[in-house]
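Heads up: the structure comes next, in C-alpha cells.
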Amino acid sequence: MNPRARIITVTVGLAVAFTAVSARLIYLQLVKQQEYREEAIRLHTSGEPVPAQRGSILDASGRVLAQSVPRIEVRLDGKILAERPQELPVLATLLGVSAGWLRGQIDPNHRYQKIADSVSTELEGKLRAAQLRSIRLERKTVRDYPNGSETSQVLGFVNLRDMTVGSDRTVSFETGEAGIEQAMDRYLKGMPGERRIIRDAKRREIPYFRLSDRPARDGYHVVLTIDQGVQHIAEREANKIVEQHQPDNLHILIVRPATGEILAMVSRPTFDPNHRDTFQPEAMKERTLADAFEPGSTFKIVTLAAGLNEGVADLDSTFFCENGKMFMAGETLTDHEPYGLLTLREITAKSSNIGMAKLAVLLGEEKLHHYGRLFGFGAKAQKGEGALAGESPGRLHPLKKWTKVSLTRFPMGYEVAVTNLQLALAYAAIANGGKRMEPRLIKAVVNRDNRVVMQFLPKVVCQVVRPEVAKQVTEALCGVVADQGTAKEAQVPGFGVAGKTGTAQKYTPQGYVKQYRSSFIGYLPAEKPEFVVSILVDHPKGKKYYGGQVAGPAFREIATHVAEQLNLNRTAVVARKVAP
C-alpha cells in the first residue's frame, strides 16, 4: 500500500474511532445521564430516618397521664461476632449473661437481633467505651402511663409499627390504637426527620452534607379536660362498688355543666396500658359512651322538663296515681307504692311511673319525642376532631314506630336506649339553666414550648328549656334527695343536691329478667351547680339493687370528695322534706 492510501486508511480509522467514542459519550451524557446519576446517588448516599418524639397527654392542670420515655436497646450483629469471637466474653460480662447463652444467639444470617432492652445509662456508657463492633446501640421510646389503669379507656394505648430502611434496618414508630392516643394521633406523633449520609469513593462520610439533614418535629402535647385528682376519686369509688356489689360492669362520668368539660370518666372492668399481655377486649371498652341501655327513672327529667316548659302543668299540679296500678292500651303500669293524689313535685321525688305517664299523656307523643331529641338522645354527643371512637348514638324510635303503650313507657325510660354520656349531658343542661353543651374531653393542643396550637372552646348545642323551667326541674330533683325521696343516701353534708335515681330491669332476647341497672345522676351545689356525677351499676349482686341503695351512697362519697378537690364552700343546707 502506497503512503497516500496508508494515510487515508489511518485517517478514516481514527475518524471512525473518534466518532464512535463521541457517540458513546453523547449517549452516556444525554440518554443515560439520569440513570447513572441515580445509581451514583444510590451508591454514595443513604438516608436514615430520625424518629419524632411522641407528645404527652396531660390532665387539665398539666399533670402527665401518658408520656414516651427514652430507652436503649442492644442489637447483635451475628455475622461480625462470628468473625470476631474475642468480643463474645467481653459482651457477655457487660450484659450480665452467660457466654453460652450469648453464643447461642449468634446467627450470621440474622443481623441486628435484639438481645437487651431498656439498658441503663451506666451500662450504655460501658458498652460504648468497649467499642465492640458486633453490637449496635439503638435509642427508642416506650410509652409510659404513670397512673396505671386509671383513665386507661380514655387514654387508650399505642402499638409499635415497623418501617424497614434499606435492606437490613428496621425502625419502630409509636402509633395510637385506641382512646385519645388514636383520636389525636396526628398531633401526638409529630413528623419524622431524615439524616442524609453522603460518602466519598472510599465510603467515608462527607460532613459538609450534614447540612441537608431534615430534623424531626416532635409531637405536640394534648391537654385534656380530665382532672387527675377528680379521676382518682371516681376510680377509688368504682373499686369499692365492684368489691361490694360485684356488678357485671359499671361506669361513672363527672361533667362540668357550664362548659361541657369531662372531669372524669371511669369504666369497669379496666386494664393497665403498661402491661399489654394482660389486655382483655371487654376491659378496653369506654362504656360511658359505648354502652346503650334502657335508663329507667333517670329519664323522667325529659317528661318533667317538657311538661313544665310547655306549660301543661306546674310543680303543684296534682295527678291521681291510681293507687299504684293503671291500665292503658291493654297493659298494666305499676308504681312501687300505692300512691293516690300527688303533686308533680311529689311524683318526681317518689318516682311515680303512673304520675309521670299522666303528664306525658297531657303532652302528647310529638312533643315528648321532640324534647327527647332536644336533650340529645338518639344521636352521638361527640362532634368533630378529638371524638373518641366507639360511641353509640343510642336509640330513639321515630314516632311511626311507637306503639299504643309507648307514650306511657317512654317517660319512665323504657323503649329508649341511651348512653351514660347522653344522660349526664341532659342533666348538665338542666344544671346549666337549660343550655345543652357539647361534651369536651380535650382542652388544647400545645407545642414543646407550651404555646397553644389549637384550643377547644365550649360550644352550646341548643337551649332545651327556659332558664326558669330549669330552676323548677332542679327544685323538683332536690326533693328526690330529701328525707322522704328515693335518694336519701345521696345527701352531701353542707350542700344542696339535685338528682334522680333509676332502677331499670334488663332486657334480653328472652325478655325482661330479674336483673337491674341501678343508677343515680345528681349535681351540686343545687343553687349554682359546679359538677354533675352520673353513676350506672350494671346488675349489682346481693339484696340491694335499687338505684338509691347502690348508686346513691357512691354519689355521696364521690361528690363529697370532688367538692373538696374543687375547693367548693359548704353552706348550712337542710334537706327538703316532701309532704306525704
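The values are calculated or read from the model by the stated rules, or taken from the named source; none is laboratory data. Since this is a predicted model, take the numbers as computed values, not measurements. Positions of Cβ are generated from backbone atoms using ideal geometry, with glycine treated the same way; all protein chains shown enter the neighbour counts.
Take segment 368-409 and flag every residue that is assigned to a helix (DSSP H, G or I), touching a helix residue (DSSP H, G or I) at 6+ places or on another chain (Cβ under 6 Å) and surrounded by 14 or more Cβ atoms within 10 Å (Cβ to Cβ).
Correct list: L368, H369, Y371, G372, L407, T408.
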Practice task
Working carefully through the options L289, L333, L315, L342, find the one that is in contact with a helix residue (DSSP H, G or I) (Cβ under 8 Å, 6 or more places away or on another chain), assigned to a helix (DSSP H, G or I), in contact (Cβ under 8 Å) with a residue 24 or more places away in the chain and not acidic (D, E).
Solution key: L289
Completion exercise
Note on segment 485-526: residues in a loop (DSSP other than H, G, I, E, B) and surrounded by fewer than 16 Cβ atoms within 10 Å (Cβ to Cβ) are P493, G494, P509, Q510
Handout entry: Matching residues, segment 89-101, being crowded, with 18+ Cβ neighbours inside 10 Å and more than 41 Å from the chain's Cα centre (by Cα)
Key = L91, L94
Fill in the blank from the handout: When restricted to K300, K401, the only residue on the phi < 0 side of the Ramachandran plot and at pLDDT below 95 is K401
Exercise for the section: Hey, can you tell me all the residues within segment 123-149 that are within 24 Å of S56 (Cβ to Cβ), in contact with a strand residue (DSSP E or B) (Cβ under 9 Å, 6 or more places away or on another chain) and touching a residue at least 60 places away in the same chain (Cβ under 8 Å)? Expected result: E138, R139, K140, T141, V142, R143, D144, Y145, P146, N147
Handout entry: Residue among R466, R451 that is free of Cβ contacts under 8 Å to residues at least 12 places away in the same chain and not small (G, A, S)
Key = R451
Handout entry: Filter result for S351 (surrounded by fewer than 21 Cβ atoms within 10 Å (Cβ to Cβ) and of a type in the set (S, T, Y))
Key = no
Handout entry: Output for segment 528-566, where each listed residue is part of a strand (DSSP E or B) and of a type in the set (F, W, Y)
Key = F531
Practice task
Answer yes or no as to whether D277 is under 23 Å from G547 (Cβ atoms) and surrounded by fewer than 19 Cβ atoms within 10 Å (Cβ to Cβ).
Solution key: no
Problem - Matching residues, segment 150-171, being in contact with a Pro (Cβ under 8 Å, 6 or more places away or on another chain) and either at pLDDT 80 or above or buried (at least 19 other Cβ atoms within 10 Å of the Cβ) (or both) - result: S152, L155, G156, F157
Exercise for the section: Name the single residue, out of those in segment 120-138 being in contact with an Asp or Glu (Cβ under 8 Å, 6 or more places away or on another chain) and not hydrophobic (A, V, I, L, M, F, W, C), that is surrounded by the fewest Cβ atoms within 10 Å (Cβ to Cβ). Expected result: R133
Problem - segment 410-443, subset buried (at least 20 other Cβ atoms within 10 Å of the Cβ) and of a type in the set (G, A, S), residue farthest from Q228 (Cα to Cα) - result: G413
Problem - strands (runs of 3 or more DSSP E) lying entirely in segment 411-465 (those with 3 or more residues that are out of contact with any strand residue (DSSP E or B) (no Cβ under 6 Å at 6 or more places or on another chain) and of a type in the set (D, E)) - result: none
Practice task
State yes or no: is G511 farther than 14 Å from E557 by Cβ and in contact (Cβ under 8 Å) with a residue 12 or more places away in the chain?
Solution key: no
Exercise for the section: State whether one or more residues within segment 225-236 are over 14 Å from A554 (Cα atoms), in a strand (DSSP E or B), of a type in the set (A, V, I, L, M) and modelled with pLDDT of 95 or more. Expected result: no
